[in-house]
Amino acid sequence: MTLNSMKLEAEERQEGGDEMCRTIEVFSSTFAAKQCDCDCDFDFASPASVAKDDADGDCHAEDDPFIPPVNFAMVDNGIFRSGFPDSANFSFLQTLGLRSIIYLCPEPYPEANMEFLKSNGIKLFQFGIEGYKPFSDHILGSQNFYIMLEPFVNIPDDMIREALKVVLDVRNHPVLIHCKRGKHRTGCLVGCLRKFQSWCLTSVFDEYQRFAAAKARVSDQRFMELFDVSSLKHLCHCNSHVRGGNDRAY
């Protein structure tokens, strides 16, 4: 393969006849669950750009080119999380030296993001977990109160488990985990990783709630509580630094 050649490779993992993960690997030189994750007006085809205003109100993003995606944070050595990155975040992401991105939404990756992956040799693992906003019933008239009714949520255990295997494989590091806003789907995956790292549930839920804030969901926390990590124990020896985590099992 010459220095300037590019290769786009798409693979589909099948389990029980259902698509589990779509992997897109780019070289340069070289399931359906009803779970809400964000505001429904998010535009996949054209992610909202991030700008920095100076004192006169002009846009000068070039003054601070390293802008992290919304809800960006370090999870562990070589593991990061965030909301959906857009072109304003690409310079920042380049500083991470990413090898992989785990994308937890079913919608196609935007063209601009795909070009960024191509130019940086980043592999994309897509686990298409669908999201639906909970029902809101306006009641009590002028008092402007709301009842938030969570729908029945069947979070795909098998898909989360497969995504965890990608996270735990150090050959994929540094890796970025993201969905739309980096709250629910990303929060569930990170929460299950914390269970693998032997965190207590209080710490797992505290971390989840810090990112989900007012949109924290009981259904997400119930899923994390019941998630069984025993089938992943065989990965401990080859991922020892991930297994240790940040010692929050108190």
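Highest first, please rank the peptides 213-222, 180-189, 95-104 by the mean number of other Cβ atoms sitting within 10 Å of their residues.
180-189, 95-104, 213-222
In whole Hz, with x marking every Gly and Pro, tabulate ³J(HN,Hα) for segment 190-206 from phi via Karplus 6.51 cos²θ - 1.76 cosθ + 1.60, θ = phi - 60°.
Each residue's phi maps through the Karplus curve to give 5, x, 5, 4, 5, 5, 4, 8, 6, 6, 6, 4, 4, 6, 4, 5, 4 Hz.
For Lys195, Lys165, give me the order by solvent-accessible area with a 1.4 Å probe, most accessible first, ignoring ligands, DNA and RNA.
Largest accessible area first, the list is Lys165, Lys195.
Taking θ = phi - 60°, what integer Hz values does the Karplus form 6.51 cos²θ - 1.76 cosθ + 1.60 yield along segment 67-73, in sequence order, with x for Gly and Pro?
Calculated HN-Hα couplings, in order: 9, x, x, 4, 6, 6, 7 Hz.
Which ³J(HN,Hα) values, rounded to whole Hz and listed in residue order, are derived for segment 225-233 from phi using the Karplus coefficients 6.51, -1.76 and 1.60 in 6.51 cos²θ - 1.76 cosθ + 1.60 with θ = phi - 60°, glycine and proline given as x?
Using θ = phi - 60°, the values come out as 4, 8, 5, 9, 9, 4, 6, 9, 4 Hz.
Holding the Cα-Cα limit at 18 Å, pick out from Lys195/Lys233; Lys123/Lys195; Lys123/Lys165; Lys118/Lys165; Lys165/Lys233 the pairs that are longer than that.
Lys123/Lys195; Lys118/Lys165
At 0.36 nm per residue, and after removing the present C-alpha to C-alpha distance, how many nm does the segment from Ser198 to Ser119 gain when stretched out fully?
Result for the pair: 24.7 nm of gain on full extension.
For Phe227, what residues show an amide H to amide H distance below 5 Å, using hydrogens built from the backbone and excluding near sequence neighbours?
It is none; the list stays empty.
The values are calculated or read from the model by the stated rules, or taken from the named source; none is laboratory data. Small disclaimer: the values here were computed from a predicted structure and weren't measured. With ideal geometry, Cβ positions are generated from the backbone for all residues, glycine too; neighbour counts draw on all protein chains shown. Keep in mind that these areas ignore ligands, DNA and RNA; they rest on the heavy atoms of the full protein, side chains included. Shrake-Rupley method; radii C 1.70, N 1.55, O 1.52, S 1.80 Å.
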